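First up is the structure itself, then whatever we jot down about it.
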Amino acid sequence: MAKYTEAKCRLCRREGCKLFLKGDRCFTDKCAQVRRPYAPGQHGRARKKVSEYAIQLREKQKTRRAYGVLERQFHDYFEKAEMRKGVTGTNLLVILERRLDNVIYKLGFANSRNQARQMVRHGIFELNGHKVNIPSLQVSAGDVISVPEKNRKIPMIAQAAETTAKRGCPGWLEIDPANFKGTVKALPTRDDIQFPVNEQLIVELYSK
């Protein structure tokens, strides 16, 4: 399976905003986007004429990279969003938010979506009492994500309550740190998604 192996901070600098790919580091002054708030490379500081297409492309790339999704899968998500009732852009963001690795990250069990994805693949979590190892799995309202007893000593999981208190937990999720579990109270709405993205630009890009 294809995988991005270069420096993650370059992605944040390229998109011009924090994508929170490095966990707690992104909340400190050590964040590359804070220290060097311009695009990477020799001509990163240069002023460039930006076309309408470039603006749409950057919005798509920013969203795709934030959720750690490759191009083919992201396009598949868009096609699914387009076939569902409602606003295509909102449907796309809801699909991305419902990914299991994103939910685990939002619950505070991981420092980043990438770390959450790795932990899921290693079978660290259970979904509704069953072991699961598919990061892209779509959660539903009422689903319960839990950590088996043998995995509760993992440092990141043990600090879940502290992490959630610092980052906050979205209203559509509920965390129970004492019992090492989180519950999907309802499906996310557009108002629940705080990531700064103009999804209409993505729709326009794929509609060309």
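A few comments on the model shown:
- Relative contact order of the stretch 108-182, taken over Cα pairs closer than 8 Å and 6 or more residues apart, is 32 percent.
- Residues whose amide H lies under 5 Å from that of F125, counting only those 5 or more places away or on a different chain, are V132; hydrogens are built 1.01 Å from N in the peptide plane.
- Approximate spin-label separation D176-E149, in nm, with each point projected 7 Å along Cα-to-Cβ: 1.7 nm
- Per-residue 3J(HN,Hα) values for the stretch 93-100, derived from phi via the Karplus relation 6.51 cos²θ - 1.76 cosθ + 1.60 with θ = phi - 60°, read 5, 5, 4, 5, 5, 7, 4, 4 Hz in sequence order (x marks Gly and Pro).
- Members of K106/K166; K62/K85; K62/K131 lying beyond 20 Å, as alpha-carbon distances in this model show: K62/K85; K62/K131
- Carbon/sulfur fraction of accessible area - the stretch 159-208, other protein chains in place, 1.4 Å, %: 49 percent
- Peptide packing for 189-197, 96-104, 135-143 was compared via the average number of neighbouring C-beta atoms within 10 Å per residue; ordered from the highest value, the list is 96-104, 135-143, 189-197.
- Computed Rg/Rh of the stretch 101-146, alpha carbon atoms with Kirkwood Rh: 0.91
- Electrostatic tally near Y105: other residues with Cβ closer than 10 Å to its Cβ, Lys and Arg +1, Asp and Glu -1, net +4.
- Remark on K181: its backbone amide H falls under 5 Å from those of D176, a criterion applied only to residues 5 or more positions apart or on other chains, H modelled at 1.01 Å from N.
- Theoretical gain in end-to-end length, I134 to Y53 [0.36 nm per residue, Cα-Cα removed]: 25.8 nm
The values are calculated or read from the model by the stated rules, or taken from the named source; none is laboratory data. A quick note: this is a predicted structure, and the numbers were derived from the prediction, not measured. Every residue, glycine among them, receives a Cβ derived from its backbone with ideal geometry; neighbour counts consider all protein chains shown. Side chains are part of the model used for accessible areas, which takes the heavy atoms of the whole protein and leaves out ligands, DNA and RNA. Shrake-Rupley method; radii C 1.70, N 1.55, O 1.52, S 1.80 Å.
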